[in-house]
2 protein chains.
Amino acid sequence: MSTGPPLAAACVRRTRLVDVAEATGLDVSTVSRVLNSDPRQSVRAETRERVLAAARRLGYRPNALARALKQARTGALALVVPMTRNPVWAVVERGALDRAATRGCAVLVVSQPIDQPRPAAAYQPMVLESRVDGLVVATALRPRRAAPAADLLVPHVYLNRRGPHPGHDVVMDEEAAVGLWLQEMRRQGRRDLVLLDGPVEVDTVHRRARAARAHDRAGGDQRVRVVHAPATEQGGWAAGERLLGRSRRPDGIGVGSLPQLTGLVAALRSAGVAVPNDVGLVSFDEDPSLSYLGVPVASVSMPLAELGAAGVDALLDQVDGHGPRDVLVAGPMDLVRHQPAPLARCPVPRR
Amino acid sequence: MSTGPPLAAACVRRTRLVDVAEATGLDVSTVSRVLNSDPRQSVRAETRERVLAAARRLGYRPNALARALKQARTGALALVVPMTRNPVWAVVERGALDRAATRGCAVLVVSQPIDQPRPAAAYQPMVLESRVDGLVVATALRPRRAAPAADLLVPHVYLNRRGPHPGHDVVMDEEAAVGLWLQEMRRQGRRDLVLLDGPVEVDTVHRRARAARAHDRAGGDQRVRVVHAPATEQGGWAAGERLLGRSRRPDGIGVGSLPQLTGLVAALRSAGVAVPNDVGLVSFDEDPSLSYLGVPVASVSMPLAELGAAGVDALLDQVDGHGPRDVLVAGPMDLVRHQPAPLARCPVPRR
DNA sequence: CTGTTAGCGCTTTCAT
DNA sequence: ATGAAAGCGCTAACAG
């Protein structure tokens with residue numbers, strides 16, 4: 001709390017390998033072998049101890065720069081994420097950061113402005129400049145048929161979207177998510193359904209919409225229409241208005257994003273439409289705040305952290321020279337029901 | 001969309017300075033001077049053009065590793081952020097990332113688990129290993145009187161909290177924020193106030209609570225009590241329950257965080273307490289979702305992006321050798337009123 | 001105006 | 001089992 005004295009001019013002299021060498025009277029190469037526990041060479045136990053002791057005593061930390069320069073490997077990767085307020089991306093990001101930390105690898109987070117998306121190739125220089133070993137591209141947009149010049153020629157994966165070429169896609173099973181929604185709607189006896197989702201340009205939206213339309217065409221007893229709107233509270237509100245104005249109102253709605261759900265619930269409340277009596281709601285995003293909307297909603301719980309972790313794994317595989325491969329993140333997917341609790345009993349989601 | 005052919009084994013041969021030198025028949029040092037536009041040396045215009053042309057043609061990108069090793073400067077910084085779901089941190093982070101990008105500097109984002117906070121000194125190795133030039137520590141906890149061993153001896157700033165020593169703090173004016181709240185409460189004629197905020201261990205909470213208590217003691221016509229609860233929906237809900245159980249209910253509540261507000265609003269709705277008739281609400285966090293709570297609330301708009309940007313600036317100043325200095329982010333602070341709009345008129349916050 | 005040279009801190013053959 | 005030496009790609013002091 002700034003109560004202490006000012007810090008003395010903070011100049012830490014970094015300890016180098018040569019400092020440890022001098023302290024032990026050994027050569028740098030020997031010290032290096034010990035500290036890297038090179039398995040191919042043998043060192044005397046006594047020497048080992050001496051080196052380790054000196055390194056600890058001097059607080060030696062290897063210079064990542066020099067090591068990376070020599071090994072032609074930075075041990076870092078870039079994570080390109082959209083600058084969105086949607087909380088699910090934070091979960092994906094955390095999953096990726098944690099897995100990267102586990103695998104001893106630093107992460108450079110690059111935020112992509114949502115209003116002016118740049119092509120993935122724009123991030124290639126980070127690899128060419130040896131800042132990172134590869135790219136995890138988590139921007140949501142579906143690629144237009146990429147011009148060859150726009151192809152990524154460096155190790156990379158696309159996260160939660162598919163890229164222009166096979167072997168670089170790490171995605172979740174959106175079709176199964178739609179299936180869980182439809183199953184819950186059937187359980188509730190809903191037959192006139194709407195999928196309210198984001199812009200078609202978003203790859204996950206595209207896949208969910210396709211699955212929903214396929215179900216509609218399959219000709220069961222459920223009708224499914226698809227409505228696209230901006231993935232914001234505003235978008236959800238406006239879409240709600242439009243849906244309420246229609247002659248045939250849906251009795252079940254799947255909502256692609258949390259902000260849209262917030263806006264939609266506000267619109268329904270404002271119009272006096274009762275949830276769940278008049279309409280049943282299921283969100284494709286999850287968040288603790290779902291228990292506090294004032295109305296019961298369900299959500300499809302997606303393996304978001306696993307998605308981030310799988311992206312890191314797939315990229316590091318490529319960096320290690322393995323051929324690229326597509327990954328379908330299998331993690332657990334559940335339907336979770338969120339109940340607004342009565343007072344004196346705090347609400348807890350139950351599965 | 002993975003419709004294209006598989007990518008050929010992606011091996012880009014990186015162009016080095018020596019490649020450009022060979023292509024032009026010049027020496028690497030000359031090429032280096034041209035590309036860095038070294039002001040102290042002069043080069044023939046024709047040579048300049050030749051080098052620039054060759055560099056562009058070969059797609060030369062300088063190796064950041066080698067450059068950083070030579071210059072003893074990585075051009076990167078670490079941003080330590082709490083792993084919270086609170087959306088305001090995202091705004092701070094974006095502010096920092098954007099400013100860093102503007103100043104040509106890469107950012108390594110390190111996420112701090114909220115349940116097991118590590119001391120700031122735990123991140124010092126990132127500097128000692130030359131991964132970054134300095135630290136922006138944005139974890140929320142107030143430092144205990146730090147043991148000298150825990151002091152940071154590398155360039156660093158604390159963001160949105162104060163550290164153990166002066167000269168490293170970049171914070172906003174929380175006292176003024178509390179002032180805006182009290183002023184709005186007076187405008188609404190509220191006299192029995194509660195500040196519902198997070199744990200006291202959080203420095204921003206500490207400062208707001210102190211300002212609120214000072215106002216209470218100042219002996220005007222407003223009473224202010226302070227209630228601490230976890231900064232979650234759950235915490236807001238539980239605190240709401242407690243407040244409703246009291247003999248004298250507050251008629252105005254300031255809420256420290258968005259999740260708490262969500263929980264509190266749910267509790268009030270559930271108990272049939274009318275907003276704003278029975279109680280007026282003001283949030284210290286801002287978010288578009290505030291317009292969709294179903295009840296009118298106000299919020300204190302804080303200069304969050306500026307906070308992040310100022311943190312980066314202050315750190316880079318230190319890296320450039322300037323003495324450390326505390327920063328109070330001055331950016332605009334407003335009281336914003338969020339109205340749930342009637343249907344057919346989408347809600348927009350108005351100032 | 002341009003080339004030569006040394007060296008940032010580390011790893012890694014190759015000698016001894 | 002340890003040491004000597006080369007070199008990763010770049011910059012900067014010094015020559016010419």
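None of the figures in this text is laboratory data; all of them are computed from the coordinates on show. A quick note: this is a predicted structure, and the numbers were derived from the prediction, not measured. All Cβ positions, even for glycine, are placed from backbone atoms using ideal geometry, and neighbour counts span all protein chains on display.
Counting Cβ atoms of other protein chains within 10 Å of each residue's Cβ and taking the mean over peptide A:104-110 gives 5. If you run the Gaussian network model on chain A, springs between alpha carbon atoms under 10 Å, then out of A:Arg246, A:Arg118, A:Arg14 the most flexible one is A:Arg14.
Amide H to amide H distances under 5 Å link A:Val226 with A:Leu195, where only residues 5 or more positions off or on other chains count and H is placed in the peptide plane. Report the calculated FRET efficiency for A:Ser29 and A:Arg73 (r = Cβ-Cβ distance, R0 = 25 Å), to the nearest 0.05. The pair A:Ser29/A:Arg73 has a calculated efficiency of 0.80.
Each DSSP beta bridge with both residues in the range A:204-351 is either parallel or antiparallel, and the antiparallel ones are about 50%. Electrostatic bookkeeping for B:Val202 treats Lys and Arg as +1 and Asp and Glu as -1; over the other residues with beta carbon under 10 Å from its beta carbon, the sum is +1.
Expressed in units of 2.2 N^0.38 Å, where N is the residue count, the Cα radius of gyration of chain B is 1.29.
Beta-bridge orientation, chain B: approximately 15 percent antiparallel, per DSSP, counting only bridges with both partners inside. May I ask you to report, in nm to one decimal and beginning with the shortest, the distances from A:Pro113 to the same position in the other copies, taking label points 7 Å along Cα-to-Cβ? Values, ascending and in nm: 3.7. With a 10 Å cut-off around each Cβ of A:288-297, the average count of Cβ atoms from other chains is 5.
For the range B:111-120, putting each phi into the Karplus relation 6.51 cos²θ - 1.76 cosθ + 1.60 with θ = phi - 60° gives couplings of 9, 9, x, 5, 8, 10, x, 9, x, 4 Hz, in residue order, rounded to whole numbers and with x for Gly and Pro.
Protection proxy ranking for B:80-90, B:107-117, using the average of other Cβ atoms within 10 Å per residue and placing the highest first: B:80-90, B:107-117. Amide H contacts of B:Val110: B:Leu79, B:Val80, B:Val81, each under 5 Å away and 5 or more positions distant or on a separate chain (H built 1.01 Å from N in the peptide plane; Pro and chain starts excluded). Between B:Thr74, B:Thr15, B:Thr102, the GNM of chain B built on Cα springs shorter than 10 angstrom shows B:Thr15 fluctuating the most. At B:Gly331, with labels set 7 Å past Cα in the Cβ direction, how many nm apart are the copies from this one, shortest first? Nearest first, the other copies' label points are 3.0 nm away.
Run the paramagnetic zone check for A:Arg40: 7 angstrom along Cα to Cβ, then residues of the range A:66-82 with backbone nitrogen under 15 Å. Only A:71 pass the distance filter. If R0 is 25 Å, the Cβ-Cβ spacing of A:Ser247 and A:Gln222 corresponds to a FRET efficiency of close to 0.85. Using only alpha carbons, the protein assembly as shown has a radius of gyration to Kirkwood radius ratio (Rg to Rh) of 1.00. Sorted shortest first, the separations between the B:Gln71 label point and its copies elsewhere in the assembly read 2.5 nm; each point sits 7 Å from Cα along the Cα-to-Cβ line. Ordering A:127-135, B:19-27, B:256-264 by mean Cβ neighbour count within 10 Å, with the highest value first, yields B:256-264, A:127-135, B:19-27. If you run the Gaussian network model on chain B, springs between alpha carbon atoms under 10 Å, then out of B:Val336, B:Val28, B:Val255 the most flexible one is B:Val28.
Between the amide H of B:Ala76 and those of B:Ala106, B:Asp133, distances stay under 5 Å, these residues lying 5 or more places away or on another chain, with hydrogens modeled in the peptide plane. For the rotation that carries chain B onto chain A, the axis lies closest to a Cβ at B:Val109, 2, where the number is the distance in whole Å. Summed over qualifying helices (DSSP H, 4 residues or more, each -39500 (n - 2.57)) and divided by its residue number, chain A shows a 222 nm mean residue ellipticity of -11500 deg cm²/dmol. Here is the tail figure for the range A:206-351: Cα pairs spaced more than 20 Å apart come to 57 percent of all pairs.
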